[in-house]
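In what follows, a structure is listed as structure tokens, so that the remarks can point back to it.
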Amino acid sequence: MTAEGAGSKAAWENPLIPNARLRQIYAAMLQARILARAVPTRRRNSATLGIEACLVSPAIDLGAGDLVSDALGGGVVEFLRGAMLVDVLGSGKISRRRGVTAGCGEAARLPDAPGVAERIWSAIGAAAALKAASARTKIEAKAAVTEPKQAGVVVVYASPGETTAALWQKTLTFAREKQLPLLFVILPTTTRKSSTAKVGGLGALAIRCGVPGIAVDADDAVALYRVSQESIGHARIGGGPALMECLPYMLQMTATKRNPATDAIAGLESYMLQRGVATRAWMQRETKSFTKRAGIARTASK
């Protein structure tokens, strides 16, 4: 499925987030939502439902030289990171053969680690290696009078309660001292009940460690993209790490029940329709097309 050909001519093009990129983000989020209900039980992870914007927007611009460390497993995350649809829905080994993929960035996924601390330190080590490699390519490019390659970054997903504040303080301080190319993305504890979330807790800790800590609405795909884009761009030029905390911003009187206005996909639909980025007919075709493809892939894998 492609996010091109939205059947609508936008009145204007935002240079900070092109219309084609908006359609790509929407398509990946939509696919993740549909797939979450279609994957076999053994590969299902209900934690991905409702946080599609957090999983997609920070990674959509990543290239082949970048890396991602995921906090969540399951078929949806595997698909977003490059696995083929038929492999996610089937019982075969995940591959990158030609076929239906999410098209959600080109970063490689770091291997799983035995524990949270090991995973985070492994990501920090990978960022240090990318920084060293970037320094070498700059020296080589200068000697050969050529354009240096784009510096790689590591996007590290984490859940706020999966490790201690002491570990976060240690790792964030180390990343800041070494000016490592890292973006930490803290997933929301919930997208529906704000009372269970420690609002801004890790963001405030990051700031105390000298690392930019930015709170962003977990249901605002555009804001998540913009903050990620700026933070990753800053990291690529040697500006060091940043931490983005995805928080569930609830409307007053709706904190204990689902409100469609706070759903990321519905919110992005409204944003795109208002700006002429896509038509309702295109969105319906995207839904129908992927639902059909997922059904065919699942049938073929049985």
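Here are a few things to note about the model shown:
- Between residue 159 and residue 113, the modelled labels are 1.7 nm apart [label points 7 Å from Cα along Cα→Cβ].
- What the Cβ-Cβ distance of residue 129 and residue 167 gives, at R0 = 25 Å and to the nearest 0.05, is a FRET efficiency of 0.75.
- Mean Cβ count within 10 Å, highest first, over the residues of peptides 284-293, 65-74: 65-74, 284-293
- Normalised Debye scattering of region 47-140 at q = 0.18, 0.21, 0.22 Å⁻¹ gives log10 I(q)/I(0) of -0.91, -1.14, -1.20, counting only Cα atoms as equal scatterers and leaving out solvent.
- Ranked packing of 54-62, 157-165, most packed first, by mean Cβ within 10 Å: 54-62, 157-165
- Protection proxy ranking, peptides 211-221, 266-276, average beta carbon neighbours within 10 Å, highest first: 211-221, 266-276
Rule-based calculations on the coordinates, nothing more; no lab input. Keep in mind that this is a model prediction, so the values were computed, not measured. We place every Cβ from the backbone using ideal geometry, glycine too, and count neighbours over all the protein chains shown.
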